[in-house]
Amino acid sequence: MKRNLCFLLGLAGALIAGVSRSEACTGITLQAGDGSWVVARTIEWGGSNLNSRYVVVPRGYAQHALLPNGAAGMLFTARYGYVGFAVEEDQFVAEGLNEAGLSAGLFYFPGYGQYVPFEEQSADRSIADLQLVPWLLGNCATVEEAMAAIKEIRVVALDPRASTVHWRIADKSGRQVVLEIVGGEPRFYENELGVLTNSPGFEWQTTNLNNYVNLMAGSASTHKFGRVQLAPFGAGSGFLGLPGDVTPPSRFVRAAFYQTTAPQYQTGVETVVECFQILNNFDIPIGIEFGAGEQVTDIPSATQWTSATDITNGMIYYRSMYNSAIRCFDLNKIRFDRVKYQVVPLDEVTQQPIVEVRVK
């Protein structure tokens, strides 16, 4: 527990050294024709393996909030069971879904957030930012409940050198909010678009979409340019000018346009598959964030895992940099009143499985 907590998402290292190691996340949202809501996201960190694991948390499971002074903070007990994906430490759930249908996840947010300073006298209602997701999943059933609960606690950083995160919270109704803590105050933004990346803030990101008002699905029309006839080279020319780099503003724009032009599928399962297809475009290969002469990390991808959560039907899916097969948890089949607390690596084998096709 005393390891460099900021290493989790490259938080302190990136902030102090002023370099990037693909501390990136891209989130999207789709709705199926049958009404199912699906939220999906990637998680990136190019510095090393995040040692990701899944956690299954039963009702009644109790844990202490972690505090900067190393002491145990407030004790919180799960009213709802949940499944989540944790990174570096079992308590640091980055994405998850509970049995009541609340989905929550954290996204890297450097340079813009600011938590309240830790105060000893407020330890009994303080919680580390990296534990906010499990606290929400264990205690809240709706976005409304989550918003009210957050106003009663103090979110603090475990390490003052670390950067901040912001959060996406969604429920079965389809409502989704983004939480950003700025100047110590929680700010909630209704996320009707359903897209989230990293810095700058959510309001800036949505405003920036107006710079791409000319983009459209399909192909641009042939037209005269003076006395010259111009015509598109191929399909998709309506997206000419769509940014292709991996910075958060560019990924936000690209995710917004891929999401809004995607066809609507009838079922939650089909929609989950479509989310994975869209997020294929946001996989960050190892190497691009390292300068000339720098040692490249020995992992397959900066995108360490991708998840999709069918909130409506209580399903959470994932695939990883070590196994591109889609795996899932059906929360409807988990007896959260009986199941034991579990922590299991996302991948027991760290090598992409390849199946030979036998020709008869």
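The values are calculated or read from the model by the stated rules, or taken from the named source; none is laboratory data. Predicted, not measured: the structure shown is a model, and the values here were computed from it. Cβ sites come from the backbone with ideal geometry, for glycine too, and all protein chains shown count toward neighbours. Side chains included, ligands, DNA and RNA excluded: accessible areas come from the protein's heavy atoms. Shrake-Rupley method; radii C 1.70, N 1.55, O 1.52, S 1.80 Å.
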Next on the checklist: Using the crude model of +1 on Lys and Arg Cβ and -1 on Asp and Glu Cβ, and no other charge, please compute the dipole size for region 206-346 relative to its Cα centre, in debye to 20.
Outcome noted: 300 debye
Checklist outcome for this item: On each of the three principal axes the extent of the alpha-carbon atoms of region 141-192, given in whole Å and largest first, is 37, 21, 16
Next on the checklist: Taking the square root of 5 times each eigenvalue of the Cα gyration tensor, what semi-axes in Å does the equivalent ellipsoid of region 56-143 have, largest first?
Outcome noted: 21, 16, 12
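Please give the peptides 116-124, 138-146, 263-271 ranked by average Cβ packing (other Cβ atoms within 10 Å per residue), highest first, as a rough proxy for protection.
Highest mean packing first, the order is 138-146, 263-271, 116-124.
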Checklist outcome for this item: Applied in sequence order to region 33-40, the curve 6.51 cos²θ - 1.76 cosθ + 1.60 (Karplus, θ = phi - 60°) yields integer Hz couplings, x standing for Gly and Pro, of x, 7, x, 5, 9, 10, 10, 9
Checklist entry - How would you rank 97-108, 223-234, 338-349, highest first, on the average number of other Cβ atoms within 10 Å across their residues? => result 97-108, 338-349, 223-234
Item to check | Surface share of carbon and sulfur [accessible, 1.4 angstrom probe, percent] for region 210-272 | outcome: 60 percent
Checklist entry - Hey, what angle do you get for helix 248-260 against the long axis of the chain, alpha-carbon based, 0 to 90 degrees rounded to 10? => result 70 degrees
Checklist entry - Roughly how many debye, to the nearest 20, is the charge dipole of the chain about its Cα centre, given +1 on each Lys and Arg Cβ, -1 on each Asp and Glu Cβ, and no other charges? => result 560 debye
Checklist outcome for this item: Shape descriptors of region 161-320 over alpha-carbon atoms, Rg and Dmax in angstrom, are 18.8, 60
Checklist entry - Quick one: how many Å² of ARG254 are accessible to a 1.4 Å probe, rounded to 10? => result 20 Å²
Next on the checklist: Just to confirm, what accessible area per residue do you get for region 42-195 at 1.4 Å probe, in whole Å²?
Outcome noted: 33 Å²
Next on the checklist: Can you match percent of Cα pairs over 31 Å apart to one of these, [x] 45; [y] 34; [z] 37, based on a calculation from the structure here?
Outcome noted: [y]
Item to check | 5 angstrom amide H check on ALA128, placed H, neighbours 5+ away | outcome: LEU66, VAL156
Checklist entry - Using modelled backbone amide H atoms (1.01 Å from N, in-plane), which distant-in-sequence or interchain residues come within less than 5 Å of TYR112's amide H? => result THR164
Checklist entry - With the chain treated as a Gaussian network of Cα nodes joined by springs under 10 Å, which of ARG335, ARG168, ARG251 yields the largest mean-square fluctuation? => result ARG335
Checklist entry - Per residue, how many Å² of accessible area does region 230-282 show with a 1.4 Å probe? => result 48 Å²
Checklist entry - Which Cα, out of ILE127, TYR265, ILE286, lies furthest along the positive dipole direction of the chain (beta carbon charges, K/R +1, D/E -1)? => result TYR265
Checklist entry - How big is the gap, in Å, between the Cα center of region 181-206 and the Cα center of region 305-323? => result 23 Å
Checklist entry - What is the set of long-range amide H partners of GLN176 at a cut-off below 5 Å, with H atoms built 1.01 Å from backbone N? => result ASN191
Checklist entry - Tell me, what ³J(HN,Hα) does each residue in region 107-120 have, in order and in whole Hz, if you take phi through Karplus 6.51 cos²θ - 1.76 cosθ + 1.60 with θ = phi - 60° and put x for Gly and Pro? => result 10, 4, 8, x, x, 10, x, 8, 7, 6, x, 6, 10, 4
